[in-house]
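Read through the structure below, which is laid out as structure tokens, and then see the notes.
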Amino acid sequence: TQLLEQSPQFLSIQEGENLTVYCNSSSVFSSLQWYRQEPGEGPVLLVTVVTGGEVKKLKRLTFQFGDARKDSSLHITAAQPGDTGLYLCAGGSGQGAQKLVFGQGTRLTINP
Amino acid sequence: DTGVSQNPRHKITKRGQNVTFRCDPISEHNRLYWYRQTLGQGPEFLTYFQNEAQLEKSRLLSDRFSAERPKGSFSTLEIQRTEQGDSAMYLCASSLARGLEQYFGPGTRLTVT
């Protein structure tokens with residue numbers, strides 16, 4: 001059974017600080033996706049990484065896929081209140097995404 | 001709006017009743033997925049379709065659950081004889097057949113009283 005563990009589960013920081021969220025597994029994934037979810041809504045895709053060691057940037061967000069494709073990290077620089085939300089990592093295997101295995105999420109709160 | 005849509009957004013039902021949810025995927029997407037998300041957890045895979053064929057079902061999908069995608073477009077998820085443990089957010093997602101990215105709808109929040 002493939003599992004993804006996210007840490008921390010909860011994070012509350014002040015506006016302007018930097019943070020990193022981790023997503024770890026003992027299994028290899030062919031792709032890794034990060035989503036953000038607001039209360040009462042579905043997850044919104046932020047990024048997909050597929051190559052070991054790959055780094056992608058989305059404005060102040062930096063995503064990295066581990067060399068062995070078993071782990072990933074999300075780094076936010078100069079966090080803003082608008083970054084508040086539930087961040088989910090999800091691993092895919094096989095051709096196409098097929099089913100995704102999700103971590104339990106990191107609930108991020110940025111205080112003004 | 002050309003994203004994934006789900007109806008209803010909220011459903012409150014009494015234990016033992018049957019409920020049906022609908023998902024309309026992004027029009028050119030061949031694959032359609034159902035997930036369930038309980039409070040404080042990430043979504044869990046239930047089943048997926050490629051066109052009208054149901055290709056995989058999770059063991060989470062008990063005999064009381066059935067999903068269909070009769071014409072390869074919209075899909076329905078039915079839960080028979082609902083139980084309180086069925087209370088959750090039911091999420092639908094769609095993707096291209098060889099696409100890595102899955103795009104989610106807003107979900108249907110089910111509350112069983």
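The values are calculated or read from the model by the stated rules, or taken from the named source; none is laboratory data. From a predicted model like this one, the values you see are computed outputs, not experimental measurements. Neighbour counts are summed over all protein chains in view; Cβ atoms, including those assigned to glycine, are modelled from backbone coordinates with ideal geometry. Ligands, DNA and RNA are excluded from the accessible area calculation, which covers all protein heavy atoms including side chains. Shrake-Rupley method; radii C 1.70, N 1.55, O 1.52, S 1.80 Å.
Scan segment A:58-80 for residues that are loosely packed, with under 12 Cβ neighbours inside 10 Å and of a type outside the set (A, V, I, L, M) and the total you get is 2. Going through segment A:14-26 one residue at a time, which ones are loosely packed, with under 13 Cβ neighbours inside 10 Å and either within 11 Å of another protein chain (Cβ to nearest Cβ) or under 16 Å from the mean Cα position of the chain (by Cα) (or both)? A:18, the sole residue that qualifies.
Among the candidates A:46, A:61, the residue that is in contact with a Lys or Arg (Cβ under 7 Å, 6 or more places away or on another chain), on the phi < 0 side of the Ramachandran plot and of a type outside the set (D, E, K, R) is uniquely A:46.
Scanning segment A:64-80 for residues that are at negative phi, touching a Lys or Arg at 6+ places or on another chain (Cβ under 9 Å), part of a loop (DSSP other than H, G, I, E, B) and not hydroxyl-bearing (Ser, Thr, Tyr) turns up A:79, A:80.
Among the conditions (1) surrounded by 13 or more Cβ atoms within 10 Å (Cβ to Cβ); (2) part of a loop (DSSP other than H, G, I, E, B); (3) in contact (Cβ under 8 Å) with a residue 60 or more places away in the chain, residue A:11 misses just one, which is (2).
Kindly check whether there is at least one residue in segment A:71-81 that is closer than 20 Å to residue B:37 by Cα and not charged (D, E, K, R).
No, segment A:71-81 contains no residue that is closer than 20 Å to residue B:37 by Cα and not charged (D, E, K, R).
Scanning segment B:6-17 for residues that are open to solvent by 90 Å² or more (accessible area, probe 1.4 Å) and not in a strand (DSSP E or B) turns up B:14, B:15, B:17. Only one of B:32, B:39 is among the hydrophobic types (A, V, I, L, M, F, W, C) and in a strand (DSSP E or B). Can you tell me which? Answer to the selection: B:32. Residue count for segment B:18-29 satisfying the condition of being in a loop (DSSP other than H, G, I, E, B) and either of a type in the set (A, V, I, L, M, F, W, C) or crowded, with 16+ Cβ neighbours inside 10 Å (or both): 3. Taking segment A:27-42 as the range and being closer than 25 Å to residue A:68 by Cβ and either surrounded by fewer than 22 Cβ atoms within 10 Å (Cβ to Cβ) or of a type outside the set (A, V, I, L, M, F, W, C) (or both) as the test, the residues that pass are A:27, A:28, A:30, A:31, A:33, A:35. For segment B:47-61, does any single residue satisfy the condition of being in contact with a Leu (Cβ under 9 Å, 6 or more places away or on another chain), on the phi < 0 side of the Ramachandran plot, surrounded by fewer than 20 Cβ atoms within 10 Å (Cβ to Cβ) and modelled with pLDDT of 95 or more? For segment B:47-61, residues in contact with a Leu (Cβ under 9 Å, 6 or more places away or on another chain), on the phi < 0 side of the Ramachandran plot, surrounded by fewer than 20 Cβ atoms within 10 Å (Cβ to Cβ) and modelled with pLDDT of 95 or more: absent. Taking residues in segment B:42-66 that are without any contact (Cβ under 8 Å) to a residue 40 or more places away in the chain and outside any strand (DSSP E or B), and partners anywhere that are among the basic types (Lys, Arg) and loosely packed, with under 13 Cβ neighbours inside 10 Å, the pairs with Cβ atoms closer than 7 Å and at least 6 places apart or on different chains are B:52/B:71; B:64/B:81.
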